1. Could you pull out the residue among Phe105, Phe88 that is of a type in the set (A, V, I, L, M, F, W, C), modelled with pLDDT of 90 or more, open to solvent by 30 Å² or more (accessible area, probe 1.4 Å) and touching a Ser or Thr at 6+ places or on another chain (Cβ under 6 Å)?
2. How many of the residues in the range 313-324 are open to solvent by less than 40 Å² (accessible area, probe 1.4 Å) and either assigned to a helix (DSSP H, G or I) or not aliphatic (A, V, I, L, M) (or both)?
3. Among the residues of the range 6-61, which ones are open to solvent by less than 60 Å² (accessible area, probe 1.4 Å), modelled with pLDDT of 90 or more, under 24 Å from Arg113 (Cβ atoms) and out of contact with any strand residue (DSSP E or B) (no Cβ under 8 Å at 6 or more places or on another chain)?
4. Report whether or not Glu327 is without any contact (Cβ under 8 Å) to a residue 12 or more places away in the chain, not aliphatic (A, V, I, L, M) and not in a loop (DSSP other than H, G, I, E, B).
5. Among the residues of the range 436-466, how many are in contact with a His (Cβ under 9 Å, 6 or more places away or on another chain), in a helix (DSSP H, G or I) and open to solvent by less than 80 Å² (accessible area, probe 1.4 Å)?
6. So which residues in the range 253-286 are surrounded by 14 or more Cβ atoms within 10 Å (Cβ to Cβ), over 30 Å from Asn175 (Cα atoms) and in contact (Cβ under 8 Å) with a residue 24 or more places away in the chain, if there are any at all?
7. Condition check: over 34 Å from the mean Cα position of the chain (by Cα), farther than 30 Å from Leu362 by Cβ and among the small types (Gly, Ala, Ser). Does Ala268 satisfy that?
8. Would you confirm whether or not the range 192-205 contains a residue that is in contact (Cβ under 8 Å) with a residue 12 or more places away in the chain, on the phi < 0 side of the Ramachandran plot and charged (D, E, K, R)?
Amino acid sequence: MIEKFIAFAMSHRLLTAVATVGIIIAGIFSMLSLPVDSFPDVSNVQVQIITEPESMATEEVEALVTYPIENALNGLPKIKKIRSNSAFGLSVVTAIFDDDTDVYFARNLIQQRLSSLGGMLPQNCPQPTLGPVISSFSQVYMYYLKSTNHDLTELRTIQDWDISRKLRSVPGVANVATFGGFVKQYQVIVNPRQLHGYKITLNELVAAISQNNDNAGGNFIEQSGEEVVIRGIGRIKTVSDIDNIVLKEVNGTPVTVGQVSDIVIGQAFRRGSASMNGDGEVVTGIVYTRKGVNTKAVVEKVKEKVAEISHDLPTGVSIVPYYDQTELVDKTIETVKEILLFSGGLVIVILTAMLLHIQSALIVAIIIPLSLLFSFILMKYSGLTANLMTLGAVDFGIIVDAGVVIVENIYRHLSRASEKYGNDFDRLAVIRNAAINVGKPIVFSIGIIMAVYLPLFALEGVEGKMFHPLALTFIYALAGSLIASLTVIPVLCYWVMRGPIKEKENPVLTKIKNAYMPILKMAVGNPKKTMTFATVALVLSFLLVPFLGSEFIPSLDEG
């Protein structure tokens, strides 16, 4: 099988070259369209159900809201765990599903169950809503509002009704959370004595305000050949509108809301605030991206939208960003680039020094970009992102191993043929036979290296999500290097290695070989002693393991 594969590539060299160019084009396209992130997404598949029963105590929230929702979720397909948190005026139920569950399928299941709750929730309890589809790295852009002539209530109003809504329109943005400032509120401060004097109950006051805050349609009439729409305008727009709402009539005189209460524009009750650099309170916003999107691309669009919004803000108001996750992504990618460029350059230098033949070193080095581009294609197909764990896993020293063996064997066979026949020999046959000669050992050795990474796929949960992409990317790169070594490398050797070829003895390798041979002869001549020494060394190494310490991932200094 392997022999036929190599022979086919050598016999159809033009087809091999065209296929290689196709892989390069597809790899570049995949690289440019591959989602870029800092680290793999380790978050589980979860759906949050949020309910805000105003003014309800924690005990009532737990018993009347949280428990019925939890009970309704029991028995859903692929649900793994249900967590909940009840607080004053807030219920958050988190349903965690199996990792292979589509999050939108899970949300659909939960929405169906919530619609069946019916009258199980308290009468005045608002309808439960689903939280946004976000991940553990979704907080990608943070900013605060700065102004010289607006107070915190006005800034919060601008944030909630202008900035936040426009940022949610950016593709890939799941939500915009707001902290700090005060929510503007129209407050009716009731005078109990006046209310009692007019014999009006508090419920009647609330009902009157509610019923007098609505517009009504009245169909239309025809006038002079035109349709005139009839409307009843009753929506509250100003404080005076509330003030003039009629509560009842006493001896033909209307009693209005303003006669029994004071109407003011105040600030809604809040449970938290935000401050910046110790300089006082601010209004801040956090942009969350949707799970699975290209973080870098979304943040760039958010920046464009922020620049657009800034032109339409009131005079004196400005948006000041203080966190941008693309900085982390850029630093991570720069780290990966440094690793790839440095290791790639180092491999080329060492290959040149070992092989003592520049053309051979450059041919082997071609495996590096080809294997990377091949892995980009498979990464895009399998849904992986380009991050520190995936790209940082690629070890060029291992990637070029197969190419080194192929090229060195071809070089050796060409050198021997040149010494024996001069230039009168079939170069194609010599190169093909040299590649076939080491084809099986190469496939076997690369297969062993791939097998080393298979136990990583047994990891589950956070560990699996962190290390599965690493193992997959490395296996993809190894597969790409193996295919290139068996097809492209022999073809390039046929095209590049021309003229008389003479194998050179590397003095460094010669000294290493001279020092190694006596040790090898002694080890082979005393097999029992060799095995005993190896076994003792292995046992001693295991005894050192408890003293090494352990950590989940290496320390990452990316700012």
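1. Phe88
2. Result for the range 313-324: 2.
3. none
4. On the way: without any contact (Cβ under 8 Å) to a residue 12 or more places away in the chain: no; not aliphatic (A, V, I, L, M): yes; not in a loop (DSSP other than H, G, I, E, B): yes.
No: the conditions fail for Glu327.
5. 2
6. Correct list: Val255, Val257, Gln259, Val260, Ser261, Ile263.
7. Answer is yes for this residue.
8. yes
The values are calculated or read from the model by the stated rules, or taken from the named source; none is laboratory data. Everything numeric here is computed off the predicted structure, so don't read it as measured data. Cβ atoms come from the backbone with ideal geometry, glycine included; neighbour counts cover every protein chain shown. Accessible surface areas use protein heavy atoms only, side chains included; no ligands, DNA or RNA. Shrake-Rupley method; radii C 1.70, N 1.55, O 1.52, S 1.80 Å.
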